[in-house]
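Here's the structure, in structure tokens; my notes come after.
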Amino acid sequence: MGFLGQMFSNNRRKSNSAAKNNRTAPTAKYVASSLQDNISYVNEALFRTADLISRPIDYLSEQGSLLYLSSVCDTIKIHQFILKPLLGAHEANLDRVLTAAIVEKLSNLEKAIDLMLAGYAVLFLEGKEECYAVQVSFINDRSVTEPQNEKTIQGAHDGFIESMRVNLQLVRKQINSRNLVVRRYTLGNMTKTEASIVYLNDLANPELVEEIDRRIAEVNADNLMSGFLLLEYIENQSFSPFPQILQTERPDRVVANLLEGRVALLMEGSPATLIMPVTFFAFYQSPDDYYSRSLAGSFLRLLRLFSFFIALALPAFYIAVVSFHYEVIPMELFYRIKGSVEKIPYPPILEALFMELTIELLREAGMRLPSPIGQSIGIVGGLVIGDAVVRVGLVSYPMITVVALTAIASFVVPSHEMSYSVRLLRFPVMIAAALFGFVGIVFALTAILIHLCKLESFGTPYFAPIAPMRVKDWKDAIIRLPFWKLNERPLDPHPQKLVQEIGAKEEGNDDRG
């Protein structure tokens, strides 16, 4: 048990923190007065990389050199913000000559090299024991478009891109408040990826913000290029099948969660934003719920929750009925199912596993192939393969129907992470049904329910507002009441202000005319 306990324990943050504290910081190297010594040191520090450019510059009566990496710097900005002002300069104060938005005066040569890797050009002058770093990074952002996996019918059609600067601008565009706070981090020992957490200072719980800050600061890894890689370092239980952090590419969804007192994490190079903390029911909410009337939104949300049970238990229920409890089938339907099932030489569990694995293979193939070919694979799998396996006698018609309904129910989930969880849990529930019938299904579903009740997301009960029970939060978690009834924020993120201003009308004055 000692080996298994170490393997499945969630104490990696503590060990990473200790390793991080034991690391020795690089020795500070100060800018030398000799221009050639500085150039040689930078060349050796960057292993004489081919994209390192060293351009001699004459500034007034002084000799200098401009060093930059051509792969990350914009030559137009270098000419506009550095070369042109230096050629026309008439004063020796470089702070007034350089016209870039960000100019830093440095004496630490190691810091200057780090800035060069981030898109800065560094100016060295002969006889000066300091240098000037000018931001001239090359920006190649794609246009703001709607996320392909989170499209809405009536909502906004903009989405996050791979630039954190643009993503922060999209958030501030919708929250014009001085309470919106941004904390920046540099993650990854090798990747040096920029990241930011965003929250409303007057709403977010300070203890939640500090806990997220502590977990991020304790992460010690070489590769952290996106939020997907960071997610498993900071979530509560990495071995849980259920996701504990919500990922979204929609600015309106991020803003809505910030206004409830949650915290969002954005990373450079990734359009996905992490939202913390969240509950199980947040993964079954869609922006369309709020762009529709309350009755339609509530119906769609309940339909998605019902699809969770269909996708999880329908194949297991069929296996249990056919194997153990055929007496629950109506007599008219019993003979039809019996005539189809008795021709199959395998038990129902093998039949179900064969079809489920076939569906997963077709789904994965459709995702990896180009769009026209992927659609063709779906048609071929649904028509040709489905009809062929029935004619051969490998699968019965009722099993085809059950697997098709299960696949459709799994597609209803708005979150891909939760959809993967349901698809994984379906298999142990099917095995329990094949071994013990309805008793096995009840046992498996009870185990899943216990796990949901025990699970937490940054100190928030994962199955709230059911466990612990808070009926007031049902009005925007399980159903969606009219906006004028949503006069309290959800309790699960423990916001500083529970009551929100919504301009609520009196309940007794509901008639308009």
Next item on the list: Write out the chymotrypsin sites (Phe, Trp or Tyr not before Pro) in region 231-318 meeting two conditions: DSSP loop, and at most 14 other Cβ atoms within 10 Å of their Cβ.
Entry: Phe239
Next item on the list: Using only C-alpha positions, report the orientation-averaged shadow area of the convex hull of the chain, nm², one decimal.
Entry: 34.2 nm²
Check: Which value at 222 nm does the chain reach when only helices count, each DSSP H run of 4 or more adding -39,500 (n - 2.57), with the total divided by all residues and rounded to the nearest 500 deg cm²/dmol?
Finding: -13500 deg cm²/dmol
Notebook entry, point to check: What is the dipole size for the chain, taken about its Cα centre, with +1 at each Lys and Arg Cβ and -1 at each Asp and Glu Cβ, in debye to the nearest 20?
Noted result: 700 debye
Notebook entry, point to check: In terms of modelled amide H atoms, which long-range or inter-chain residues lie less than 5 Å from the amide H of Ala118?
Noted result: none
Next item on the list: With a bin width of 5 angstrom, please list the P(r) values of region 27-74 as percents of all Cα-Cα pairs, from the 0 bin to the one holding the largest distance.
Entry: 5, 18, 26, 24, 17, 8, 1
Check: Can you give the extra length, in nm with one decimal, that the chain gains between Ile408 and Gln237 once fully stretched, where that is 0.36 nm per residue apart less the Cα-Cα distance?
Finding: 58.7 nm
Next item on the list: May I ask for the Kirkwood hydrodynamic radius of region 169-295, worked out over all distinct Cα pairs and given in angstroms to one decimal?
Entry: 15.3 Å
Margin query: In region 150-193, whose amide N lies under 15 Å from the spot 7 Å out along Cα-to-Cβ of Asp202? List them in ranges.
Written below: 175-181
Notebook entry, point to check: Out of residues 5 or more away from Ser457 or on other chains, whose amide H comes under 5 Å of its own, with H placed 1.01 Å from N in the peptide plane?
Noted result: Tyr462
Notebook entry, point to check: On a 0 to 90 degree scale, rounded to 10, what angle separates helix 206-217 from the longest Cα axis of the chain?
Noted result: 70 degrees
Item checked: J(HN,Hα) series, region 218-225, from Karplus relation 6.51 cos²θ - 1.76 cosθ + 1.60, nearest Hz, glycine and proline x -> 8, 6, 10, 8, 6, 10, 9, 7
Check: Which of Leu305, Ser323, Val392 sits farthest toward the positive end of the charge dipole of region 294-461, with +1 on the Cβ of Lys and Arg and -1 on the Cβ of Asp and Glu?
Finding: Leu305
Checklist line | Pair Arg165, Ala221: separation of 7 Å Cα→Cβ label points (nm) | finding: 2.6 nm
Notebook entry, point to check: Which pairs, out of Lys29/Lys128; Lys151/Lys173; Lys84/Lys105; Lys77/Lys111; Lys111/Lys192; Lys29/Lys77, put more than 24 Å between their alpha-carbon atoms?
Noted result: Lys29/Lys77
Notebook entry, point to check: When N is the residue count of region 294-461, what does its C-alpha Rg come to as a fraction of 2.2 N^0.38 Å?
Noted result: 1.13
Check: Using the beta-carbon distance between Glu146 and Arg172 and R0 = 22 Å, what value does 1/(1 + (r/R0)^6) give for FRET efficiency, to the nearest 0.05?
Finding: 0.65
Notebook entry, point to check: Using the beta-carbon distance between Arg336 and Phe306 and R0 = 25 Å, what value does 1/(1 + (r/R0)^6) give for FRET efficiency, to the nearest 0.05?
Noted result: 0.45
Margin query: Starting from the 7 Å offset along Cα-to-Cβ, what nm value, one decimal, do you get for the label separation of Leu424 and Glu488?
Written below: 3.5 nm
Next item on the list: Would you pull out the residues with amide H under 5 Å of Cys73's amide H, same chain only if 5 or more places away, H placed 1.01 Å from N?
Entry: Phe138
Next item on the list: Report the extension gain between Lys497 and Ile479 in nm, rounded to one decimal, defined as 0.36 nm multiplied by the number of residues separating them, less their alpha carbon distance.
Entry: 4.2 nm
Check: Which trypsin sites (Lys or Arg not before Pro) from region 245-325 combine a DSSP loop assignment with at most 11 other Cβ atoms within 10 Å?
Finding: Arg293
Checklist line | Given the chain, longest segment not containing exposed loop GluC sites (Glu not before Pro) (DSSP; at most 11 other Cβ within 10 Å) | finding: 92-341
Checklist line | Under 17 Å from the Ala388 label point (7 Å along Cα→beta-carbon), backbone N, region 331-356 | finding: 354-356
Note to self: With viscosity set to 0.890 mPa s at 25 °C, what whole-number translational diffusion coefficient in µm²/s follows for region 35-135 from Stokes-Einstein and a Kirkwood radius over Cα pairs?
What the structure shows: 182 µm²/s
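Rule-based calculations on the coordinates, nothing more; no lab input. Values in this document were obtained by computation on a predicted structure and should not be read as measured data. Because the Cβ atoms are built from the backbone with ideal geometry, glycine has one as well, and the counts that use them run over all protein chains shown.
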